[in-house]
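The values are calculated or read from the model by the stated rules, or taken from the named source; none is laboratory data. Nothing here was measured: the structure is a model prediction, and the numbers come from that model. Positions of Cβ are backbone-derived with ideal geometry, glycine not excepted, and every protein chain shown enters the neighbour counts.
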């Protein structure tokens, strides 16, 4: 049930990343059209595109952690006996979980500090730039815990792509 929930969250994150990427493309196209055809550059388009890139990166990063697409030392782990391999993989996922926790905590501090300020080109708080760090960190914690549970149960986390 937990793996099914994580799979659903991962697919939703992937869908949001794709929608965000489409939004980035539309913003950039509108900016080019406004600049060269209308001779009136929309100032909000670049700021929105940059904000969307942060969200796309955050969601893509989290899905990459779930699908074990992050940097790892596969060759070293594969040389170890099974007993040590599982222990080392659990340690790696615990460290990734801690990193995700630090992302949430630090992102929250920065978002809180900047929330009272407004972005120059968009009618949103300046602290929104740090929300993707919080989201990615939370998802990384969730997906790392999923990997730890799967390792303890002797199962494998099925990638989102399937």
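Looking only at residues in the stretch 95-137 that are over 24 Å from residue 52 (Cβ atoms) and modelled with pLDDT under 95, which one is farthest from the chain's Cα centre (by Cα)?
Per the stated criteria, the residue is 95.
Since residue 119 meets every condition but one in (1) in contact with a helix residue (DSSP H, G or I) (Cβ under 8 Å, 6 or more places away or on another chain); (2) under 30 Å from residue 4 (Cβ atoms), which condition does it not meet?
Every condition holds for residue 119 apart from (2).
Applying the selection to the stretch 6-36, what residues are within 19 Å of residue 54 (Cβ to Cβ) and free of Cβ contacts under 8 Å to residues at least 12 places away in the same chain?
If the condition is that a residue be within 19 Å of residue 54 (Cβ to Cβ) and free of Cβ contacts under 8 Å to residues at least 12 places away in the same chain, then 12, 15, 18, 19, 22, 25, 26 are the ones that fit.
Taking the conditions exactly as written (surrounded by 15 or more Cβ atoms within 10 Å (Cβ to Cβ) and out of contact with any strand residue (DSSP E or B) (no Cβ under 7 Å at 6 or more places or on another chain)), does residue 14 satisfy them or not? Before you say what the answer is, go through the steps one by one.
Values: surrounded by 15 or more Cβ atoms within 10 Å (Cβ to Cβ): yes; out of contact with any strand residue (DSSP E or B) (no Cβ under 7 Å at 6 or more places or on another chain): yes.
Yes.
Does residue 95 satisfy the criteria of being over 24 Å from residue 122 (Cα atoms) and surrounded by 15 or more Cβ atoms within 10 Å (Cβ to Cβ)?
Details: over 24 Å from residue 122 (Cα atoms): yes; surrounded by 15 or more Cβ atoms within 10 Å (Cβ to Cβ): no.
It is false that residue 95 is over 24 Å from residue 122 (Cα atoms) and surrounded by 15 or more Cβ atoms within 10 Å (Cβ to Cβ).
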